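What follows is one structure encoded as structure tokens, with my remarks underneath.
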Amino acid sequence: MIFTEGDLNGAYVIDLEKHADDRGFFARVFCQEEFAEHDLPRDMVQMNLSYSPEKGTLRGLHYQVPPHEEAKYIRCTRGAVYDVSVDVRPDSPTFGEWMGVELTQDNYRMVYVPEGCAHGYLTLTADSEVNYQVSSFYTPGVERGIRYDDPAIGVEWPGEIRVISEKDRSWPAFERSRGVSV
């Protein structure tokens, strides 16, 4: 795997190192030793799958508060998405900043989102599927979010948002001074 540091403190973009022949290719998508070399979590406790039938579906921006923060490995296994992470850790040098990465079924790219970062994505094609592993169990009552269009963050979504849940549309604004939604 090829690990490239992301724009947020502790985030990574992970590309596969493909070994190809006439059958196609083989590549590792997870290796405890390689992840340990980059000081990334190796004990994921839950794997989630999200399917969106419509292009322009937005999910996010979500995170869980301490002590239930989630680190995530995200990969698009069908279609294409624009994956966004926002640093909501007040002590981080990239606090309040965001990064976006296009993940597609063809580029096989993966993103590592550290604990303390909000996460979401916009589908760029119909019938998009996202697989992600998380380091902490989903815990009702500790989920928080940031409005997808909050000008304090300024995420530049690369397409029209056509489908969004009422919950995601209603997240509060981000308060930079405390790193929380208000």
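The values are calculated or read from the model by the stated rules, or taken from the named source; none is laboratory data. Treat the numbers as computed from the prediction; the structure is a model and nothing was measured. Here the Cβ positions follow ideal geometry from the backbone for every residue, glycine too, while neighbour counts run over all protein chains shown.
So the values come out like this:
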| item | result |
| --- | --- |
| Test for E115: is it outside any strand (DSSP E or B) and farther than 30 Å from F30 by Cα | no |
| Hits in region 1-22 (condition: assigned to a strand (DSSP E or B) and touching a residue at least 12 places away in the same chain (Cβ under 8 Å)) | I2, F3, Y12, V13, I14, D15 |
| When residues of region 126-148 are limited to those that are surrounded by 17 or more Cβ atoms within 10 Å (Cβ to Cβ) and of a type in the set (V, I, T), the one farthest from F30 (Cα to Cα) | I146 |
| Any pair with Cβ under 9 angstrom, 6 or more apart, that starts in region 23-34 at a residue that is in a strand (DSSP E or B) and ends at one that is hydrophobic (A, V, I, L, M, F, W, C) | F25/L16; F26/A20 |
| Test: residue in region 39-48 that is free of Cβ contacts under 8 Å to residues at least 24 places away in the same chain and either surrounded by 11 or more Cβ atoms within 10 Å (Cβ to Cβ) or in contact with a Lys or Arg (Cβ under 9 Å, 6 or more places away or on another chain) (or both) | yes |
| Near pairs, Cβ below 8 angstrom, 6+ apart or cross-chain, from region 139-166 (more than 23 Å from E97 (Cβ to Cβ)) to any residue that is of a type in the set (A, V, I, L, M, F, W, C) and outside any loop (DSSP other than H, G, I, E, B) | V163/L58 |
| Those residues of region 3-28 which are at pLDDT below 95 and either loosely packed, with under 13 Cβ neighbours inside 10 Å or within 23 Å of T139 (Cα to Cα) (or both), in sequence order | E17, K18, H19, A20, D21, R23, G24, F25, F26, A27, R28 |
